[in-house]
C-alpha cells in the first residue's frame with residue numbers, strides 16, 4: 001500500500017481550499033458561509049421572484065379548495081346521491097314504485113303508480129321527514145331537471161313507467177361539478 005506524503009496532502013488541501021472561498025475574506029474558512037469562486041452569497045432577483053410566484057400560485061389554489069363553495073357543492077352532491085340510492089332501496093324493500101323529482105334547487109321522493117309519478121304521497125326520510133327532500137346549497141344546482149322512478153325490483157324507469165333507453169346522469173354544479181349515474185337495466189346508482 002502506497003503512503004501519501006506530506007507534500008501530496010498539502011497539494012490536495014490547496015486544491016480543495018481553492019474551490020471554496022468565503023465571500024467576505026476571500027480565504028478558506030469552514031465556519032463561514034462558503035460559495036463557489038466568482039459567486040457572491042445570497043439569492044439573485046430572478047430566484048426570489050420565481051419562489052414568490054410559485055408560492056403565490058400554490059396559495060391561491062389552496063385557498064380556492066378551502067373555500068366554503070367547494071364544500072357546499074360536494075355536500076349537495078353527497079346528499080343527492082344518498083337520496084337517489086335510498087329511493088331505489090326503499091322501492092325494493094317495500095315492493096313499491098318510488099319516484100325522484102329532481103329540480104334545479106331541490107329533489108324530493110314520492111311514491112309512484114308505475115305509470116305516473118304524482119307528487120302526492122311522500123316517502124319518509126331516515127329522519128322521518130316527509131317527503132324526503134334535499135335542497136341544493138346556495139350557489140349549487142342539480143341538472144337535468146327530471147323525474148325518475150324505481151320499481152319494486154330496483155330498476156330505473158321513466159316517470160311514465162317506460163324503459164328509459166339509456167343510463168341517466170345527474171350532475172351537481174357549483175364550485176366544481178360532480179355527477180353520478182343511474183344504470184338503465186339495473187337501476188344501480190353510482191358515482
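Read-outs: derived from the displayed coordinates by stated rules, not from any lab. The shown structure was predicted, so the numbers you read here are calculated from the model rather than taken from an experiment. Methodologically, a virtual Cβ is constructed for each residue, glycine included, from the backbone with ideal geometry; neighbour enumeration extends over all protein chains shown.
Once you treat every alpha carbon in the range 44-191 as an equal point and sum by Debye, what is log10 I(q)/I(0) at q = 0.19 Å⁻¹? Scattering profile of the range 44-191, log10 relative to I(0): -1.05. Under the rule a/c < 1.5 gives rounded, and otherwise a/b versus b/c splits prolate from oblate, where does the range 109-158 land using the Cα gyration tensor? The shape class here is oblate. Directionally averaged projected area (the range 141-182, Cα convex hull): 3.1 nm².
One decimal place: the segment residue 119-residue 179 gains 19.1 nm when fully extended, by the rule 0.36 nm per residue minus the C-alpha distance. On the beta carbon distance between residue 49 and residue 71, with R0 = 30 Å, the FRET formula returns roughly 0.35. For the listed peptides 93-106, 111-124, a ranking on the average number of other beta carbons within 10 Å per residue, highest first, reads 93-106, 111-124.
For residue 57 and residue 85 in one chain, what is 0.36 nm times their gap in residues minus the Cα-Cα distance, to one decimal in nm?
Separation in residues times 0.36 nm, less the Cα-Cα distance, equals 6.2 nm.
Arranged from fewest to most other beta-carbon atoms within 10 Å of their beta carbon, 142, 43, 150 become 43, 142, 150. Annotation for residue 169 and residue 190: the two label points, set 7 Å from Cα along the Cα-Cβ direction, are 1.6 nm apart.
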